[in-house]
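A short write-up of the structure that comes next.
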Amino acid sequence: MSASKNVDVLGETCPVPLVETRKAVRKASPGDVIEVVGNHPESKEEIPMAVDELGLELLEIKEKGDKWKIRIKIPEED
């Protein structure tokens, strides 16, 4: 499943990665997949918590070196 929206927050620190992720979520449509790429350790923990709070689907978290990628799916409407 390819990403509908990409959020590149490499080199950014709190709160920018979370803010940019929330902006992408607000603009997304049901069924969209958002891929967030960054390297700020705290954001790697905060973004999944926000995904849970917003009722979104956390597809995966991948790490490679100091970089991470988080994939989020916007739920389909009933």
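Read the figures in this text as sums done on the coordinates, not as results from a lab. Computed from a predicted structure; not experimentally measured. With ideal geometry, Cβ positions are generated from the backbone for all residues, glycine too; neighbour counts draw on all protein chains shown.
Observations on the structure shown:
- Selection from the range 34-49 of residues that are under 9 Å from the mean Cα position of the chain (by Cα) and of a type in the set (A, V, I, L, M): 34, 36, 37, 47
- If you go through the range 48-68 and keep only what is farther than 18 Å from residue 11 by Cβ, touching a Pro at 6+ places or on another chain (Cβ under 9 Å) and either surrounded by fewer than 11 Cβ atoms within 10 Å (Cβ to Cβ) or of a type in the set (Phe, Trp, Tyr) (or both), you end up with just 55.
- Number of residues in the range 50-70 that are closer than 17 Å to residue 16 by Cα and under 10 Å from the mean Cα position of the chain (by Cα): the value is 4.
- The set of residues in the range 24-42 being loosely packed, with under 13 Cβ neighbours inside 10 Å, under 14 Å from residue 74 (Cα atoms) and not polar (S, T, N, Q) consists of 26, 27, 30, 31.
- Extreme residue, nearest to the chain's Cα centre (by Cα), among residues of the range 1-33 that are among the charged types (D, E, K, R) and part of a loop (DSSP other than H, G, I, E, B): 32
- All of 45, 20 fail the test of being crowded, with 17+ Cβ neighbours inside 10 Å and free of Cβ contacts under 8 Å to residues at least 24 places away in the same chain, apart from 20.
- Scanning the range 1-16 for residues that are within 21 Å of residue 75 (Cα to Cα) and touching a helix residue (DSSP H, G or I) at 6+ places or on another chain (Cβ under 7 Å) returns 5, 7.
- Any hit, the range 17-30, residues being touching a Gly at 6+ places or on another chain (Cβ under 6 Å) and not polar (S, T, N, Q): yes
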